[in-house]
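The structure appears right after this line, and notes come after that.
Rule-based calculations on the coordinates, nothing more; no lab input. Every value quoted in this text rests on a predicted model; they were computed, and no experiment measured them. All Cβ positions, even for glycine, are placed from backbone atoms using ideal geometry, and neighbour counts span all protein chains on display.
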Amino acid sequence: MRATEATADARRYMEICNACRYCEGYCAVFPAMELRREFTDGDLGYLANLCHNCRGCFYACQYAPPHEFGINLPKTFAQIRNQTYEEYAWPPPLAGMFRRNGLVVSMSTALGIAAVLILTMLWQSPDVLYGAHTGAGSFYAVIPYHAMVSVGTVTFVYALLALAMGFANFWRDAAKGKGAVEGASLLQALCDIFTLRNLSGGGHGCNDRDEAFSESRRWLHHFMFYGFLLCFASTSVATIYHHWLGWVAPYELLSLPVVLGTAGGIGLLIGTAGLIWLKVTGDQEPTARELLGADMALLVLLALAAFTGLILLGLRSTGAMGVLLAIHLGVILALFLTLPYSKMVHGVYRGAALLIYAIEKRHAAPAHAE
Amino acid sequence: MVDFSHTYDVLVVGGGNAALCAAITARQAGASVLLLEHAPKAFRGGNSRHTRNFRSMHEAPTAVLTEAYSEEEYWDDLKRVTGGNTDEALARMTIRESSKVMPWMMDCGVRFQPSLTGTLNLSRTNAFFLGGGKALVNAYYLTAERLGVDILYDTEVRELHMQDGFVTHVTVTAHGFPETVRAKAIVAASGGFQANIEWLKEYWGAAADNFLIRGTPYAKGGVLKNLLAQGVQPIGDPTQCHCVAIDARAPKFDGGIVTRLDSVPFSIMVNQDAERFYDEGEDVWPKRYAIWGRLTAQQPGQIAYSIVDAKCLKLFMPSVFPAIKADSIAELAKKLGLDAAKLEQTVKTYNAAVRPGTFNDKILDDCRTEGLTPPKTHWARRIDEPPYYAYPLRPGITFTYLGVKVNERARAIMKDGKPSGNLFASGEIMAGSILGKGYLAGFGMTIGTVFGRIAGAEAAKYARN
């Protein structure tokens, strides 16, 4: 981690918080903080990524602005998280993608859609593209199966590789000397990830929009996250159908891939729309305004992926299918390409931070009066 | 929109815990309520926003309190810290109510923390607010707003006009403009006068200029002074305040908990003349924590320095300000602006007087000095392992004891002994009736909550009849 104004602020905040500790019931950040007396830049990167941005600490803080100590952890930690995304990005020359990430992701989305549409139009004759297709293989009449699968596989595998490298870079800095990964720690971390325990403000909800508590953000994120996983499951099942069972898409409305995909798409739409609404209507003070673009771009991209998928499903037996398929695949292409260079990476670093937390909680005692 | 031509059932003066409990209770009883907070919204809540817990009697373990804390034990604790300077009937009523009020607090959105780490182990006697006092204050404001209590920030109450023990009307400055407020009943919950340095000077002289105020700068005692001038009976020693030694680098106001420093028992304390002045190891820190403010206030320039060596640094919770560090005592003296030769001599004399013993920071150990004045009777170890560290300390005022006398119905008592017609009081402004001296962690919040509820209910009952 590079020393910046944000890390300097965060270090001062952590020293104040460590002398106060009123917020220790809210989330993992404060118990993790209590294990330390001094905060290296690596520690701050770890704590910032452990922060789920529930903002409970901001509204409870007797030292929040306009107090002269001016503590604003949610905002500063968001800035440091973005710094982590940039510094640990792989390959390093692409770190700059995180500097104007809203622009990068939205331009990629536009270009992804345009590229697939243009290529499809150049490739196919208008009567194929605009014609109604029915029966097995109708999608592949418009975009050849092998083109679809090879581009999808290459981009997705690349994304996984880049994310794994980011994880490794972060791990090397933040997990140093914390002890080995044990089964119990891994289990704890997975449980924290899948339940978003730290987005419950100690069991009573977070300050999603203002000083009132709610669990909206946690539930909306669940809709989005599990919606995403259902879509992924849908694709996986379809792959098995195609390769091992020889059943070629499109599938029946009540078939497993369609049911999973439809549920996932609806979940994604509810989650992303709700999270956008929270961002627009919530108190702006504990947020880093300069990062709003990146957040919004990814939310919109995910919403588009779900929306275009559902529309495609609805109109797949009409003449609109060809164009809709090209648009949907353009969105998915953009999603895969920007996966390691968008807010998506937060999951990787958050997961790593939660795992480190689970490890160090098992090994260390708090650093107060011994 | 607040309509100043409207006569409210209940006017609550103040915006901290006691005021909010009164306002919510009165509103729940059906009264129309106006609450006036002197501070702007960001600093609302008086000293309550710096608090963390609530001392609660309980017969059996609860989700947030361990073991049991009986009425008798609670009363014994109170009797001990106040040296009997309390009112047994009011105190016992407060203690008993403290065991019943938590469900109401939770209904109002207050959340408690399940268990606690940290230095002071209070989870048997005190329930900790999740997120601390500001989170509690936020919850109460949200509830008050939801119930329809009218709230004005940036509004200072200038005068409660009293006639024969009856408040006829109230003049205020609301967002900079003079206004008159009329209400059938008034609850004064506007705290003490600890942020009024001029008033403190009446008792402490110029030394008060060097005092730090740990909490809100809005506790100027204007309402208290106004009421006492109009024949409300005072209670509590006007010259006394709860005063602890805090890090001298703290902000003048609102430094709160992080300026606290627990180094004294492991250190030697010297004044500006580099001389020791009191036994640093007299008793365990929680029992001696509150005397060092006064001791420091009595030193020249109202400043003292806590000095430890490398082996002691990790034994205590530091304040938020970094320790001043040096490799020799002389260098440390220079950094502190003290006479180097004199500090070296003080440390040398102290080191020579330290007797061998088995150090144990958890008990009153046998590490002590011999032939030294003043002695250090526990945890005395030589200061000989560089680097050396120092923290400067000044008196930090938490609250003042002077208040208005109330009866068990929270009604203010006039000098002639008769209860006021329509004036009630809750919180710090009447706490001297129960806590006349000393301090019991979390008891201020208990008094504020219990009397806030009584004052609110009584004021509403009076206004609605």
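Here are the numbers for the structure shown:
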| quantity | calculated |
| --- | --- |
| Chain B: calculated mean residue ellipticity at 222 nm from DSSP helix runs of at least 4, using -39500 (n - 2.57) | -8000 deg cm²/dmol |
| Shielding of A:58-66 by partner chains, average beta-carbon count, 10 Å | 6 |
| Distance-filtered residues of the range B:1-15 - backbone nitrogen under 20 Å, label point 7 angstrom along B:R409 Cα→Cβ | B:9-13 |
| Pair-distance profile P(r), taking every C-alpha pair of the range A:228-326, with 5 angstrom steps and integer % | 2, 12, 18, 19, 16, 11, 8, 6, 4, 2, 0, 0 |
| Rough spin-label spacing in nm, given labels placed 7 Å along Cα→Cβ, for B:S70 and A:S125 | 9.9 nm |
| When each of B:K334/B:K437; B:K79/B:K405; B:K252/B:K311; A:K75/B:K362 is checked by Cα-Cα distance, pairs over 28 Å | B:K334/B:K437; B:K252/B:K311; A:K75/B:K362 |
| Two-site label geometry, B:W104 and B:E198: point separation in nm, points 7 Å out along Cα→Cβ | 3.8 nm |
| Normalised convex hull volume, the range A:5-88, alpha-carbon set, Å³ per residue | 83 Å³ |
| The protein assembly as shown - Debye-derived log10 I(q)/I(0), Cα point model, q = 0.08 Å⁻¹ | -0.80 |
| Relative compactness, the range A:62-200, computed as alpha-carbon Rg over 2.2 N^0.38 Å | 1.58 |
| Cα long-axis angle, helix A:5-20 against chain A (0 to 90 degrees, to the nearest 10) | 50 degrees |
| Charge dipole of the range B:154-257 about the Cα centre (unit charges at C-beta), most positive-ward option of B:A189, B:G231, B:H242 | B:A189 |
| A:L111/A:E38 FRET efficiency (R0 41 Å; Cβ-Cβ; nearest 0.05) | 0.35 |
| Quarter of Cα convex hull surface for chain B, i.e. mean projection, nm² | 21.9 nm² |
| Magnitude of the charge dipole, the range B:41-112, Cβ model with Lys/Arg +1 and Asp/Glu -1, debye to 20 | 660 debye |
| Fraction of alpha-carbon pairs over 18 Å apart in the range B:313-465 - percent | 73 percent |
| Chain A: angle of helix A:256-281 to the longest principal axis, Cα-based, in degrees nearest 10 | 50 degrees |
| Contour minus Cα-Cα distance for B:D164 and B:R124 (0.36 nm per residue) | 9.8 nm |
| Label-point separation, B:T180 to A:H363 (7 Å along Cα→Cβ), nm | 7.3 nm |
| GNM flexibility winner over chain A from A:L335, A:L44, A:L253 (Cα, springs under 10 Å) | A:L253 |
| Chain B: DSSP helices with Cα axial extent of at least 18 Å and average Kyte-Doolittle hydropathy no lower than -1.0 | B:133-147, B:340-353, B:443-464 |
| Relative contact order %, chain A, counting alpha carbon pairs below 8 Å whose residues are six or more apart | 30 percent |
| Partners for A:K279 among aspartates and glutamates (Cα-Cα distance below 19 Å; same-chain residues under 8 apart left out) | A:D208, A:D210, A:E211, A:E215, A:E290, A:D295 |
| Between 0 and 90°, nearest 10: helix A:41-50 axis offset from chain A longest Cα axis | 60 degrees |
| Equivalent ellipsoid semi-axes, chain A, via Cα gyration tensor eigenvalues times 5, rooted, Å | 42, 20, 19 |
| Normalised contact order of the range B:262-381, rounded percent, pairs of Cα under 8 Å and 6 or more residues apart | 29 percent |
| Mean residue ellipticity (222 nm) of chain A, computed from DSSP H runs ≥ 4 via -39,500 (n - 2.57), nearest 500 | -21000 deg cm²/dmol |
| Proximal lysines to B:K100, defined as alpha-carbon separation beneath 16 angstrom and excluding residues fewer than eight positions away on the same chain | none |
| Normalised convex hull volume, the range B:244-396, alpha-carbon set, Å³ per residue | 97 Å³ |
